[in-house]
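The values are calculated or read from the model by the stated rules, or taken from the named source; none is laboratory data. What you see is a predicted model; the values in this text were computed from it and never measured. Every residue, glycine among them, receives a Cβ derived from its backbone with ideal geometry; neighbour counts consider all protein chains shown. Ligands, DNA and RNA are excluded from the accessible area calculation, which covers all protein heavy atoms including side chains. Shrake-Rupley method; radii C 1.70, N 1.55, O 1.52, S 1.80 Å.
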Amino acid sequence: MDIKTLFTIFIFFVVQNLHAEDGHGLWLRGQSTNSVKIICPKSSATLDIAGQELKQSWHGKSGATIILTVKSDPLIKGEGFKLSSGEIQANTDLGILYGAYELLRLQQTGEVIQEEISNPSYERRLLNHWDNLDGSIERGYAGLSIFWRNEKDLLTVTENDKILWQEYARANASIGINGAVLDNVNASPLVLTTKCLGRVKAIAEVLRPYGMKTYLSVKFSSPSLIGGLKTSDPLDPEVIQWWNDKVKEIYTMIPDFGGFLVKANSEGQPGPQNFGRTHADGANMMADALNPFGGIVMWRAFVYETSGGDRAKQAYSEFIPLDGQFRDNVIIQIKNGPVDFQPREPFSPLFGAMTKTSAMPELQITQEYLGQSNQLVFLSTMWEEFLKSDTYQERPGNTIARCTDGSVFPQKYTAIAGVANIGRDTNWCGHHFAQANWYAFGRLAWNNRMASEKIADEWIRLTFSPRQTDQIKNSNIRKWQKHFLAPVKQMMIQSREAAVNYMMPLGLHHIFAGEHHYGPGPWYAPKGLRPDWTPPYYHKADTNGIGFDRTRAGSNAVSQYHEPLCSQFNEPNTCPEIYLLWFHHLPWNYKMKNGRTLWDEMCYRYDNGLQQVRLFQKIWDQVQPFIDAQRFTEVQSKLRRHCRDAQKWKDGCLQYFQQFSRRPISFEIERPVYDLDDLEKMDFQQ
Ligand code: GCV
């Protein structure tokens, strides 16, 4: 089936479901009856999509003309574009498509359209899908994989598959995402079999016109697991040949294949160290195979050993000595924080510290540690905080954004990745508001200086715009802005801080019950489990106090940060209070800046988080007149669950820590409603 027929079927579905408001339409609900004349001297699959999108959703003056010009301009970088009155200009067809989406977004959000050049911050803006070949998704909370299936016909591609992939590609292109890693970093070697590559080829064909490249996570031991070799040693000539041949086979099938993502020597995954080699040896071997075809290797820095001391220090300790040894088509993919996507972490000290090696941030869009698909947490503010963090590397002002987008270090490739929150659920992400995180990731990947307020504003207007909501047809837009847009935006902007407060305030981290990473479990420490997989390893509460001592006198993790951060973090009175217990073990009566004791402050923060969620419920209940029934009810129900969860977090953590603080739960706050005994036995995912 050609791309035009697919597009027609797809439009048919969109029109059919216009009033369903089940969330499937994401932020792309701007269909309009206004007409526009498109002048485009060239034709290609991508340009045709740009033209169709403009025609379908034109909110400018009816009868206007728009010219699409593919022409080089030194001010336009890569896939960037220039918008001016009546024209979209770009170096590439894809740039035109991005320009078309930007123009439509400006029209639909009511912004003034001025002449502008927009260039992407990162060359590669990728989603990482942790999708397994059996269709399950590691840390996925929105149903099964859209790419893989656990059925007899695992590899048969159906028309429904293609429709879904096309909708997916369109949504990504509309926010500038230009690549997808299709399988879990805990990779199956089978993904590299010729059969599976056939499915990857089929996906790539649907994604291609939307400018999305496909990438694969690969298992380091694939040569021995599926290639029949005795070893997977990266310096072994037969192993090198195996990867060369495999890469050649991939490019024969998928000429624009993007490259590999590798999790090696991490959480039980094999890697070069199994053969006495380094991360650089392993990454370079793959990089050499990919280089002739323009492919890249994204080599993850998420490594830690059970016997390796402070887990937060390990990635830095392993990778810094290798700086300068990697090929220029290797990028080290680093999680935002030094531990693991916690509600709040200081940034990973690796950013900016490797001056001769390309680095890229890895963010987590799926809410593994932030309430999964039950809690409303807008992650953009967390990512903004991270990207704006000053590393002080080379000179003050070198933020993470600057250290990774090529502003500070010359990188042959720049990139950013987000672990996707997408599944087969009708609304794609499990929670209607989780769509905002997908949207925010794309917008920040395009412009890493964008403010979360602006992103939230855009997303709300596009997703809940009164134009699309029958109930509001006769109501005026200002009323909608005051009673829907403003309060909902406020709720989104505050939601991450609320989550930090009711889960892990003041720098606490990783205090979840069990492997599910959902409910509270500061007590969770089954016998025999490696210590760094249990919360007491992280909170270290005892009758003397609480927190992880990472000062010079403790694990000395502070030394991995550039001055003045190292000294600031080292002293409790200069350490930002949001990171206090990340870096310090402090007595329960430690005096906070506001005069409260540490214990009272913890009580206050936990309660405050819960009260914030109660406020979100009130806000949402009041917006009912401005929204369709289905999305209203579904979000309302999620917020009720959210509130119960926040109560469990507060009650569980405060009562557990009270056993050590031996102080009353501050009388200024509401009393716990759950018993600690019950919480310790509870299955929070029920
Ligand atoms: C894909 C955490 C998650 C794992 C994940 C791992 C990683 O440990 O809990 O599910 O594995 O991070 O990022 O590799």
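What's the local net charge at residue 597, with K and R +1, D and E -1, over the other residues with C-beta under 10 Å away?
Local net charge: +1.
Amide H to amide H, which residues 5 or more places from residue 179 or on other chains are under 5 Å from it, using H placed in the peptide plane?
Those qualifying (amide H under 5 Å, at least 5 residues apart or on another chain) are 125, 127, 213.
Just to check I understand the Karplus step: with θ = phi - 60° and J = 6.51 cos²θ - 1.76 cosθ + 1.60, what whole-Hz values come out for the range 23-30, glycine and proline as x?
Each residue's phi maps through the Karplus curve to give x, 5, x, 6, 8, 10, 10, x Hz.
Among 74, 603, 332, whose Cα sits farthest toward the positive end of the charge dipole of the chain (+1 at Cβ of Lys/Arg, -1 at Cβ of Asp/Glu, about the Cα centre)?
74
Could you tell me what percent of the accessible area of the range 390-492 is made up of carbon and sulfur, with a 1.4 Å probe and every protein chain present?
46 percent
Let's see if you can work this out: charge +1 on each Lys and Arg Cβ, -1 on each Asp and Glu Cβ, no other charges. What is the dipole magnitude of the chain about its Cα centre, in debye to the nearest 20?
Using only the charged Cβ atoms, the result is roughly 1100 debye.
Normalising by the residue count of the range 122-248, find the relative contact order in percent from Cα pairs under 8 Å and 6+ residues apart.
In percent, rounded to a whole number, it is 24.
What longest region of the chain stays clear of trypsin sites (Lys or Arg not before Pro) that DSSP places outside H, G, I, E and B and that have at most 12 other Cβ atoms within 10 Å?
Here the longest segment lacking exposed loop sites spans 231-355.
Through the Karplus equation 6.51 cos²θ - 1.76 cosθ + 1.60, θ set to phi - 60°, convert the phi angles of the range 303-318 into ³J(HN,Hα) values in whole Hz; use x for Gly and Pro.
Using θ = phi - 60°, the values come out as 10, 6, 10, 5, 9, x, x, 5, 4, 5, 9, 6, 4, 4, 4, 7 Hz.
Using amide H atoms built 1.01 Å from N in the peptide plane, name the residues 5+ places from residue 358, or on other chains, whose amide H lies under 5 Å from its own.
Sorted by chain and number, the residues that satisfy this are 332.
Taking only DSSP H segments of four or more residues, each worth -39500 (n - 2.57), what value at 222 nm results for the chain once the sum is divided by all its residues, to the nearest 500 deg cm²/dmol?
Estimated from H runs of four or more residues: -11500 deg cm²/dmol.
Percent antiparallel among DSSP beta bridges with both residues in the chain, to the nearest 5?
25 percent
If you take every DSSP beta bridge whose two residues both sit in the range 200-318, what share of them, in percent to the nearest 5, is antiparallel?
Taking every DSSP beta bridge within the range 200-318, about 10 percent pair in antiparallel fashion.
Give the distance, in whole Å, between the Cα centre of the range 129-168 and the Cα centre of the range 365-441.
That distance is 24 Å.
Any chance you could count the Lys pairs in the range 388-503 whose alpha carbons are under 22 Å apart, treating pairs 8 or more apart or on different chains as valid?
Count of close lysine pairs: 8.
For the range 281-425, what is the relative contact order in percent, using Cα pairs closer than 8 Å and at least 6 residues apart in sequence?
Contact order relative to length: 21 percent.
Which whole-Hz ³J(HN,Hα) couplings does the range 395-404 yield from phi under the Karplus relation 6.51 cos²θ - 1.76 cosθ + 1.60, θ = phi - 60°, glycine and proline marked x?
Computed from phi, the couplings for the range 395-404 are 6, x, x, 7, 6, 4, 3, 5, 6, 10 Hz.
On the protein heavy atoms, probe 1.4 angstrom, tell me the percent of accessible surface of the range 177-252 carried by carbon and sulfur.
56 percent
What whole number of Å gives the distance from the Cα centroid of the range 169-209 to the Cα centroid of the range 600-619?
If you average the Cα positions of each part, the centres end up 41 Å apart.
Rounded, prolate or oblate: pick one for the chain, where a ≥ b ≥ c are the square roots of the eigenvalues of its C-alpha gyration tensor, a/c under 1.5 means rounded, and failing that, prolate if a/b is larger than b/c, else oblate.
oblate
Work from the charge dipole of the range 385-434 (Cβ charges, +1 for Lys and Arg, -1 for Asp and Glu, about the Cα centre) and give the residue of 417, 430, 406 farthest towards its positive end.
406
Tell me the per residue accessible area of the chain using a 1.4 Å probe; a whole number in Å² is fine.
37 Å²
List the residue ranges in the chain for DSSP H helices whose C-alpha atoms run 15 angstrom or more along the long axis and whose Kyte-Doolittle average is -0.5 or above.
Within the chain the helices that satisfy the rule are 3-16, 45-57, 93-108, 194-207, 279-290, 435-446, 452-464, 486-503.
Report relative contact order for the chain in percent, whole number only (criteria: Cα-Cα under 8 Å, sequence separation at least 6).
Rounded, it is 11 percent for the chain.
Show the residues, 5+ positions off or on another chain, whose built amide H is closer than 5 Å to the amide H of residue 217.
182, 183, 261
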